[in-house]
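Presented below is the structure to which this report refers.
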Amino acid sequence: MTKVQVGDKLIGWSTNEDVRSKGGSGGLVTAVFASALDKGLVDNVIILKKANQFEAVPVITSDVEEVLKSAGSMHMVISNQTKYLRLFENAATIAVAVKPCDMRGIREQQKRNMIDPDKVFTIGLNCGGTMAPHKIRGVVENIYKIDPSQVKGEEIEKGNLIIETLDGEHHTHSIDELEENDQGRRDNCRYCSIKIATNADLACGNWGVVGELAGSGTFVEVMTEKGAKFLQNAIDSGYAQVEPASEKSEGIRSKVNSVMLKMADKTKEQVFAAIEGNKLEDLRKELENCIHCGACKEVCPSCACGPEAKCTLYSDPTDDYDISLYHLIRFLHLSDSCIGCGQCSDVCPADIPLTKLYRRFANPIQDELNYVPGMDDRTPPFFVSKLEELE
Amino acid sequence: MENGVSCESNKKTTVLKDEWQPKIVMFCCNWCSYAGADGAGVSRFQQAPNVRVIRVMCSSRVDAVHIYTAFLEGADGVLITGCHIGDCHYVNGNEKTLVKYKFIKSMMDEMGIEDDRLQLRWISASEGQQFAEFVNEMVDKIKQLGPSPFRRPKVI
C-alpha cells in the first residue's frame, strides 16, 4: 500500500457500508474522525447532530460509535466554530470538520497564540455558500412548493439551486433569481473568495467525484503532514479506502471552483461598487441603529481580544458620537484580518449589515497587500514592525 | 500678534474675527519634534495659532484611538510628527508609526475624509523652521477644506 503524502489528491470512502450509504459523499470524513478517535490520535471530535432537515447542532464527543452514527448530517451549522474552540483553552485535542471560513478563523487565532495548532485537527469541506435555515425553509415551502420535511439535500450547480427530495427527485430554480430577493445564500457567502478549504489539514468535498463513485466518494487533497498522518491512520486501521484521483476529477474540481469564484467576483463588484455621495454619511446611516451590545465582537473569529479590549474600554455610549469609537477601532483592527465570515451580521440585533461594512474597509488594504487572512501563516500586516516587510 | 514682527507669513496667519478657524491637534514626539517646536519658538518663527500640541514620548505612541477621538471631539485636522527614520530614540518606533499610519490612512480614505486632514511628518530637534512651515502649510490647507465632516453641530 502506498503511503499518503502531502499534496496527494485522492478519492476516498468509508469501508463501513452503513456509513458509506448514509454519509454525504461516501462517509470519508466520518471514517477519518472515527479512526483517529479509535487509535487515540485525538481525544475529542466535534460532530454535527442533525436537528432537522436544515439545521445541525455541534456536539463534542469521544465515543467512536457516536461519531459513526453522525454520518450524513451534512447540514453544516452556519456559526463559525472558532470561538467555541477557544473555550477549550487548548486543554484537549480536538478534531473538527470546518468550512473554509471556520478554518481561516482558526488560523487567525493560531497566529495570535489563542489556539494551539497541535491541539486541533481539521478537515476542510468545500463550501459554495451557506443559507440561513429559516430562509431556506421558507424558500422550499413557498417557491419550490415542497414539504420541508421531505428534503434530502441541496446543491448549487450551473447557476441553479437544486433541492433533492427523499423520493430522489431534483427540483431546480435559478439561484440568481432567488438571491435578487435575498432568498438564497447569506450575503457574505455570495462574495466569498475561498470555496475549497486548502488551509485545513485535509481538504475534502464532492466536487470532482464522477462516474460510478459519484455520490459515494469524497475528493480529498492532503494539505499538511498532520493530514497525511490522519488519513494514513484511517486507511491502515481499515476505516477508509482511497484511490488516486484521475486528472479528469481534478479538472472538474478546479472548474467548479473557478465557476464559483467567477460568480463571487461578479457579486463582489456589485456589492462594493464605489459609493456615490458622502461616504461618511452613508456609514453614519448604516450604524445609527447600533445599540452597542458588543455581540459582533463576541462572535468575531479574527478578534483575539478578551472582553476588555481597546474597542470596548475606550468607547463610552455616553460620548454620543455619531459613529462610536467602538466601530472605528474595530473597522481598523479588522481591516487586515477580516475573513468575511458573516457572523457579525448574523448576530446583530439591529440588523446592521456589518460584514459589508467591515469588508468595505478590508477589501482595499487586503487587495493592496495581497494578503488573504487565515490562508497561511503570514504575520498579520498590522503587526509587522517595518513598512518594507509588507511588500 | 497684532503688533508682532512684520514678516511675510504674518499676513497669512493674522487672526481675523469672523474668519472660521480650524482646530488642529498635533502630536509631537518628545525627543525630536517637540524640541523642534521649542526651536521654532526660540527662533521666533511665526506660525498659526490653530494647533494644539500634545507631547508624546514617541510617534508610535499615537494610537488610532487618539486620532479618532480627536476627530470625533471636533478636530479639523490631526498632525503627527516624529524623529526621522533611523533617529528614533526607541530604535524603530517611527517605523511602526508608518505601518499604523498606512492602515489608518486607508481607512480614512474609505470613509471619505480628505487626505490633508491627517498628516505624518518627520521633524528633527534642529528643524524649527520646518516645524513652523509645516504648521502654516497645514493650517492653510485645512482652512481651504473647511470644517471636518466628523464635527457635530453642537461642538463649538
A:LYS158 versus B:ASP140: modelled label distance in nm, points set 7 Å from Cα along the beta carbon direction: 6.8
Output the 0 to 90 degree angle, nearest 10, between the alpha-carbon long axis of helix A:225-236 and the longest principal axis computed from the alpha carbons of chain A. 30
Over chain A, calculate the relative contact order: mean separation of alpha carbon pairs under 8 Å at least 6 apart, over the residue count, as a percent. 20
Given Cα positions, please report Rg to Rh for the range B:22-63, the hydrodynamic radius being the Kirkwood one. 0.99
By the Cα gyration tensor axes a ≥ b ≥ c (a/c under 1.5 gives rounded; else a/b larger than b/c gives prolate, otherwise oblate), the shape of the range A:127-222 is oblate
Could you tell me how many degrees, from 0 to 90 and to the nearest 10, lie between the Cα long axis of helix A:100-111 and the main elongation axis, the longest principal axis, of the Cα atoms of chain A? 70
Between the range B:68-99 and the range A:357-391, the Cα center-to-center distance that results, in Å: 20
A correct fewest-to-most ranking of A:SER14, A:SER79 by other Cβ atoms within 10 Å would be A:SER79, A:SER14
Which value, in nm² and rounded to one decimal, describes the direction-averaged projected area of the C-alpha convex hull of the protein assembly as shown? 28.7
Here, B:ASP115 and A:ASP38, labelled 7 Å along Cα→Cβ, have an inter-label distance in nm of 6.5
Let me have the relative contact order for the range A:203-332, percent, based on Cα pairs under 8 Å that are six or more residues apart. 16
Neighbouring Cβ atoms within 10 Å as the yardstick, rank B:MET26, A:MET131 fewest first. A:MET131, B:MET26
Going by Cα centres, the range A:110-167 and the range A:288-321 are how many Å apart? 30
Classified through the alpha carbon gyration tensor (a ≥ b ≥ c as square roots of its eigenvalues; rounded if a/c is under 1.5, else prolate when a/b is larger than b/c, else oblate), the range B:30-131 comes out oblate
Kyte-Doolittle cut-off -1.0, length cut-off 18 Å along the helix's own axis using Cα: show which whole DSSP H helices in chain B pass. B:93-111, B:128-145
Quick one: angle between helix A:28-38 and the longest Cα principal axis of chain A, in degrees between 0 and 90, rounded to 10, please. 80
With each run of n ≥ 4 DSSP H residues scored as -39500 (n - 2.57), what mean residue ellipticity at 222 nm is computed for the protein assembly as shown after dividing by its residue count and rounding to the nearest 500 deg cm²/dmol? -11000 deg cm²/dmol
Unpartnered Cys in chain A, judged by a 4.7 Å Cβ-Cβ cut-off, are A:CYS127, A:CYS189, A:CYS192, A:CYS204, A:CYS290, A:CYS293, A:CYS305, A:CYS311, A:CYS338, A:CYS348
Would you mind checking the pairs A:LYS310/A:LYS356; A:LYS9/A:LYS145; A:LYS255/B:LYS100; A:LYS111/A:LYS195 and listing those with alpha carbons more than 31 angstrom apart? A:LYS9/A:LYS145; A:LYS255/B:LYS100
So, with points 7 Å from each Cα along the Cβ direction, the A:GLU298-A:ASP265 label distance in nm works out to 3.9
Starting from the Cα-Cα distance between A:ASP63 and A:ASN181, subtract it from 0.36 nm times their residue separation and give me the gain in nm to one decimal. 38.1 nm
Of all the stretches in chain B, which is the longest one without any exposed loop site, taking GluC sites (Glu not before Pro) in a DSSP loop (any state but H, G, I, E, B) with at most 14 other Cβ atoms within 10 Å? B:20-156
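No lab work stands behind these numbers, since they all come straight from the coordinates. Treat the numbers as computed from the prediction; the structure is a model and nothing was measured. Cβ coordinates were reconstructed from backbone atoms using ideal geometry, including for glycine residues, and neighbour counts include every protein chain displayed.
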